[in-house]
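Heads up: the structure comes next, in structure tokens.
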Amino acid sequence: MSARSNILNKLRAGLAGTTPRPDEFDEGLVTRPWQYAPEDRITRLRSLMEAVQTEVHQLPAAQWPEKVLALLQERGLNNLLYAPGTAHGQVLVNYWQQAGAKPELLAYDRPVDDWKEELFWRVQASVTSTVGGIAATGSLALWPDRHEPRLMSLLPPLHIALLNASEIEDNLYTMMQKQNWSAGMPTNLLLVSGPSKTADIEQVLAYGAHGPKELVVLILEDR
């Protein structure tokens, strides 16, 4: 019998003769103080994210590839990491071809060990999806998977995140309930509120110390 099985068996044995406590969870404790009018969610999320040096743009959903190209050109960047196995990845490729865009598209289509040096030192920017935004805290929720590994948002100096306006929720609990997170969680789920930052014992805040130096959020108006 494995060590894991031994531990689990001891835990189960310790429950013998006990009865579960009633569920006294009050949903209002985690939702009521953090509820906003639908028209205020974007404003609140923007203000909180911009307060920590996040760049936020609102635009029609169809225009995001054009905006991504403009962001790269403004910064003089030469490449962009994307997920070829996603719908937005294919949209990006099609736009790049039609526009004759010059920044190189780098596909995340292989294990990290196969191109670690290039991924860590050559990639200048990345674009990823999100599963929503949280107005209460000014945060994005990212759901990494095999198509969009978490390194896509953690490594490149510039991270561009796509956020559907209709997927901005009041608070984390509401998002979890609406999207039925209890049915299956990923290995990693990221809540992102701004570019990388850290502070030393003198309380001096520094950005870009151990992750993206810039975070740009494109809020896509999908209606």
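Going 7 Å from the Cα of GLN63 along its beta-carbon direction, which residues of region 122-140 have the amide nitrogen within less than 12 Å of the resulting point? Counting only backbone N, you get no residues.
Under a model in which nothing but the beta-carbon of Lys, Arg (+1) and Asp, Glu (-1) is charged, the chain shows a dipole of about 520 debye around its Cα centre.
Listing THR18, THR130 from fewest to most neighbouring C-beta atoms within 10 Å gives THR18, THR130. Taking Cα atoms only, the orientation of helix 87-99 departs from the longest principal axis of the chain by about 0 degrees. Seen against the Cα atoms of the chain and their longest principal axis, helix 3-14 is set at about 50 degrees. Spatial offset of region 57-94 relative to region 17-44 amounts to 36 Å, using the alpha carbon center of each.
What pairs in LYS67/LYS116; LYS102/LYS213; LYS116/LYS197; LYS10/LYS197; LYS116/LYS178 have C-alpha atoms more than 32 Å from each other? Check vs 32 Å cut-off fails for LYS10/LYS197; LYS116/LYS178. With semi-axes defined as the square roots of five times the eigenvalues of the C-alpha gyration tensor, the equivalent ellipsoid of the chain measures 35, 24, 19 Å, largest first. Region 190-223 and region 142-172 have Cα centres spaced 12 Å apart. So if R0 is 25 Å, what FRET efficiency would ARG4 and MET185 give, r being the distance between their Cβ atoms, rounded to the nearest 0.05? After rounding, the FRET efficiency stands at 0.80. The C-alpha atoms of the chain define a longest principal axis, and helix 64-75 lies at about 70 degrees to it.
Here region 36-221 carries DSSP beta bridges of which approximately 25% are antiparallel, counting only pairs with both residues inside. Placing a label point 7 Å from the Cα of VAL30 along the Cα-to-Cβ direction, the residues of region 175-208 with a backbone N closer than 16 Å are 175-186, 189-191. Of the peptides 66-74, 182-190, the order by per-residue mean of other Cβ atoms within 10 Å, starting with the highest, comes out as 66-74, 182-190.
Only the coordinates and a few stated rules stand behind these numbers; no lab work does. Just so you know, these numbers come straight off a predicted model, no measurement behind them. Virtual Cβ from ideal backbone geometry, glycine too; neighbours counted across all protein chains shown.
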